[in-house]
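Student: Take a look at the following structure, please.
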Amino acid sequence: MGELQYDAGRDGFIDLMELKLMMEKLGAPQTHLGLKSMIKEVDEDFDGKLSFREFLLIFHKAAAGELQEDSGLMALAKLSEIDVALEGVKGAKNFFEAKVQALSSASKFEAELKAEQDERKREEEERRLRQAAFQKLKANFNT
């Protein structure tokens, strides 16, 4: 149980946010609703995220022709170029774990980037305010 609390984002699941990033990176961005219904279609334990088993299910359903052609899951199955039958479960598992890891570091990276940008915006704003105050002060002296 000890190490679970540190497992932020690297929990071996793909949640809505990670699925969103994954679909964007695959070049098939989905709406919020689309993402929800993708998860719902294979979410056997109704926890709102995809476990590895549920992730595999996408490919089995795709292979069995049980997915709608235009569904997000079909796009995921096609675009992620992973043939579960050929590569076997092991290949899919490695793919899944690599994806999850890449995504969790990508979202951390994006969050850090955003924090940096916000910080820079704040500094610019402060500089502008200081300059404005200074201009005002100067104007007062010149009258």
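The values are calculated or read from the model by the stated rules, or taken from the named source; none is laboratory data. Keep in mind the model is a prediction, meaning the values are calculated, not measured. Reconstructed Cβ throughout: ideal geometry from the backbone, glycine too, with neighbour counts over all protein chains shown. For the accessible areas, the whole protein counts, side chains as well, though only heavy atoms, and no ligand, DNA or RNA atoms are used. Shrake-Rupley method; radii C 1.70, N 1.55, O 1.52, S 1.80 Å.
Student: Go ahead and run the numbers for FRET between GLN68 and SER107, Cβ-Cβ distance against an R0 of 30 Å, rounding to 0.05. Don't skip to the answer; put the middle values down first.
Tutor: Numbers: r = 28 Å, r/R0 = 0.95.
Efficiency for this residue pair is about 0.60.
Student: Using a/c under 1.5 as the rounded threshold, could you call the stretch 46-143 rounded, prolate or oblate? The axes a ≥ b ≥ c are square roots of the C-alpha gyration tensor eigenvalues, and prolate needs a/b larger than b/c, oblate otherwise. Before the final figure, lay out the partial values.
Tutor: Details: a/c = 5.48, a/b = 3.88, b/c = 1.41.
Because a/c hits 1.5 or more and a/b exceeds b/c, the stretch 46-143 counts as prolate.
Student: How many lysine pairs are close in the stretch 20-91, with Cα atoms under 17 Å apart and the two 8 or more places apart or on different chains?
Tutor: 9
Student: Sticking with this one: Could you please state how large a percent of the accessible area of the stretch 13-79 is carbon and sulfur, counting protein chains only and using a 1.4 Å probe?
Tutor: 59 percent
Student: Take the alpha carbon gyration tensor of the stretch 88-142, find the square roots of its eigenvalues, order them as a ≥ b ≥ c, and report rounded if a/c is under 1.5; if not, report prolate when a/b exceeds b/c, else oblate. All intermediate terms of the calculation are to be shown ahead of the outcome.
Tutor: Details: a/c = 14.55, a/b = 12.10, b/c = 1.20.
It is prolate, given that a/c is not under 1.5 and a/b is the larger ratio.
Student: Express in whole angstrom the spacing between the alpha-carbon centres of the stretch 109-143 and the stretch 11-44.
Tutor: Centre-to-centre (Cα) distance: 39 Å.
Student: Between beta-carbons, use under 12 Å as the cut-off and find the net charge around ILE39, counting Lys and Arg +1, Asp and Glu -1. Don't skip to the end; give the middle numbers.
Tutor: Values: positive: LYS20, LYS36, LYS40, LYS49; negative: ASP15, GLU18, GLU41, ASP43, GLU44, ASP45, ASP47, GLU54.
In short, -4.
Student: Placing +1 at every Lys and Arg Cβ and -1 at every Asp and Glu Cβ, with all other atoms neutral, what dipole size does the chain have around its Cα centre, in debye to the nearest 20?
Tutor: Its charge dipole is roughly 940 debye.
Student: Place a +1 charge on the Cβ of each Lys and Arg in the stretch 88-142 and a -1 charge on the Cβ of each Asp and Glu, then give the dipole magnitude about the Cα centre in debye, rounded to the nearest 20.
Tutor: It comes to approximately 100 debye.
Student: Would you mind telling me the share, in percent, of accessible area of the stretch 88-142 contributed by carbon and sulfur at probe 1.4 angstrom?
Tutor: About 58 percent, which is the carbon plus sulfur part of the accessible surface.
Student: Another question, then. With every protein chain left in place, what is the accessible area per residue of the stretch 13-79 in square angstrom, probe 1.4 Å?
Tutor: I get 54 Å² per residue for the stretch 13-79.
Student: Quick check for you: with a 1.4 Å probe and neighbouring chains kept, what is the accessible area per residue of the stretch 88-142, in Å²?
Tutor: Accessible surface, normalised per residue, equals 81 Å².
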